[in-house]
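Read the structure below first, then the notes.
Read-outs throughout are calculated quantities, based only on the coordinates presented, and are distinct from any laboratory measurement. In this text, all values refer to a predicted model and were calculated from it rather than measured experimentally. Cβ placement follows ideal geometry from the backbone for every residue including glycine, while neighbour counts extend to all protein chains displayed.
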Amino acid sequence: MSMIPEGKSKARYINGMFNDLSSHYDRASSFIALKQDRFWRDFAASQVDGCGSNILDVCCGTGELSIRLKARSDNPVTAVDFSHGMVAEASAKYSGKGVRFSVGDAEMLPFPDESFTCVTVSFALRNVTSIERTISEMTRVLKKGGKIIILDLGKPRSKLIRKLYYWYFYSIAPKLGGVLADKGDYAYTYLPHSLTYFPAQDGLKKIMEDIGLVNVEVHDLTMGIAAVHVGTKAG
Ligand SMILES: C[S@@+](CC[C@H](N)C(=O)[O-])C[C@H]1O[C@@H](n2cnc3c(N)ncnc32)[C@H](O)[C@@H]1O
């Protein structure tokens, strides 16, 4: 059985967890990901090329994907997250750098239909209450012909790599997180559980297609430990 609460209690739990973790998030997360997260975010950001310059980054956290998106866009990037702590960290780091950070819920986005040419989310779909509702909301605020870009942990297709990765992720990562994250250490016990209930690459692709996105591409990164999904809103 899952240790993660369901529904509104899950949202409260996750919100509180990221508020607790916010000041340690960058250091702890990057260390646990063995610094690969930088390369993964760079790759995800590169997928916005050619899809217009009106970008929304959902569940932006401390802004590490948002700022990379800004580097590829002429217009300011809009970025939302429901954790005040994470948004405060993002604003402190990147204020005046062309990203508009604000507090907002990914499952009820505070934007009209068809506002953006590209909507992104990184390392967050494992945390929302409903993956389907979040991607549907991202699609609602996306213009026709625009792209949804999703970066998250994947499930390696090779049995051997999967075994090694799960050993690291379930046994070592929570201990490392505990040392690095101070009072947010319980977040890193939650981390492996968030992956257990997350679909593998093909499952996430199917969810995107069921919502109506077309031409969904899957890019495995670092042997499938992470993956980027890119889908288009039919026009
Ligand atoms: C693991 S962090 C990822 C942050 C950032 N995207 C990155 O790449 O580092 C997950 C983020 O999702 C946010 N989040 C989770 N559920 C959310 C929701 N329903 N609405 C908005 N933000 C949410 C959390 O507050 C947290 O900042």
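What the table shows:
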| quantity | calculated |
| --- | --- |
| At least 18 Å along the helix axis (C-alpha) and Kyte average at least -1.0, DSSP helices within the chain | 7-21 |
| Which of LEU151, ILE161, THR134, positive extreme of dipole for the range 132-171 (C-beta unit charges) | ILE161 |
| Estimated FRET transfer efficiency (SER158, PHE43; beta-carbon r; R0 25 Å; 0.05) | 0.80 |
| 23 Å tail of the calculated P(r), the chain, as % of Cα pairs | 45 percent |
| Long-range amide H partners of ASP57 with built H, under 5 Å | THR78, ALA79, VAL80, THR120 |
| For ILE161, ILE67, order by how many other beta-carbon atoms lie within 10 Å, fewest first | ILE161, ILE67 |
| Proximal charge balance of VAL141 [Cβ under 9 Å; K/R count +1, D/E count -1] | -1 |
| Cα centroid separation, the range 10-45 to the range 117-172 (Å) | 13 Å |
| Beta bridge orientation in the range 7-233: antiparallel %, DSSP, nearest 5 | 45 percent |
| Radius of gyration and Dmax over the Cα atoms of the range 8-145, both given in Å | 14.1, 39 |
| Cβ-defined net charge surrounding GLY61, 12 Å radius [Lys, Arg +1; Asp, Glu -1] | -4 |
| Sequence of SER30, SER122, SER95 once ranked by neighbouring C-beta atoms within 10 Å, starting from the fewest | SER95, SER30, SER122 |
| Two-site FRET efficiency, LEU34 against LYS206, from Cβ-Cβ distance with R₀ of 22 Å, rounded to 0.05 | 0.15 |
